[in-house]
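Encoded as structure tokens, the structure appears first; notes follow it.
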């Protein structure tokens, strides 16, 4: 790694983060920061000094994601996606360091038990899956007139982990699951499903799943969310699937 470089911001998606890391790697300099744009303090006049706003491209994200697997292993590739879902302090920089090391040293980084960085990442991933399985057992749905609704408040972003298990439930035709901490909304309506980041959609502080249902279900039912398509998303043969889509 070389001298410290610029600050980088991305759109909050996994694909956007990979694009930011790719830009950092191409610069040849250690980033001063990699951050979700919505986490930046707009009132801080110095926050955006030397900041590069990265645009998300599925082509660039797929390129780096594939390179992680080919230069290291599928295990490290999966660890990259999993660790991104954790709420770990310094997550973006730690993940950048892991990606950098995996591209430089290969698959053995995953088995480096002397590394404080790798031990921390593996522990965070174990906590992620532990929380996901516990939450899956505790899901409590409110039965609305047209759909079932559930509200969760996990420490980590577990919805991408438990998404398939929830959608395999057949006691409800249509459903929504809202993660109030991370503003993620899993929906199934008319046989179709999506996982959306609705952090740009103004929502009140829901007290219970009924309030979430009353507010959010009409937008799901009437297709009122404006879902952003990542450039290149419709191309077939992608090795990377978006963890969620941005909506407003």
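The values are calculated or read from the model by the stated rules, or taken from the named source; none is laboratory data. Keep in mind that what you see is a predicted model, and the values were worked out from it rather than measured. Ideal geometry is used to build each Cβ from the backbone, glycine not excepted, and the neighbour counts take in all protein chains shown.
Things worth noting here:
- Members of segment 94-116 that are surrounded by fewer than 16 Cβ atoms within 10 Å (Cβ to Cβ) and in a helix (DSSP H, G or I): 104, 105, 106, 107, 108, 111, 116
- Among the residues of segment 136-162, those that are surrounded by fewer than 20 Cβ atoms within 10 Å (Cβ to Cβ) and assigned to a helix (DSSP H, G or I) comprise 136, 137, 138.
- Enumerated strands (runs of 3 or more DSSP E) restricted to segment 164-203, each holding at least 2 residues that are surrounded by fewer than 19 Cβ atoms within 10 Å (Cβ to Cβ): 192-197
- Residues in segment 140-163 include none that are more than 14 Å from the chain's Cα centre (by Cα) and at pLDDT below 95.
- Any hit, segment 70-81, residues being surrounded by fewer than 21 Cβ atoms within 10 Å (Cβ to Cβ), outside any loop (DSSP other than H, G, I, E, B), touching a residue at least 40 places away in the same chain (Cβ under 8 Å) and within 18 Å of the chain's Cα centre (by Cα): yes
Here is a yes/no grid of residues against (1) closer than 30 Å to residue 210 by Cβ; (2) in contact (Cβ under 8 Å) with a residue 40 or more places away in the chain; (3) in contact with a helix residue (DSSP H, G or I) (Cβ under 6 Å, 6 or more places away or on another chain):
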{"residue": "100", "(1), (2), (3)": "no, yes, no"}
{"residue": "110", "(1), (2), (3)": "no, no, yes"}
{"residue": "118", "(1), (2), (3)": "no, no, no"}
{"residue": "121", "(1), (2), (3)": "no, yes, yes"}
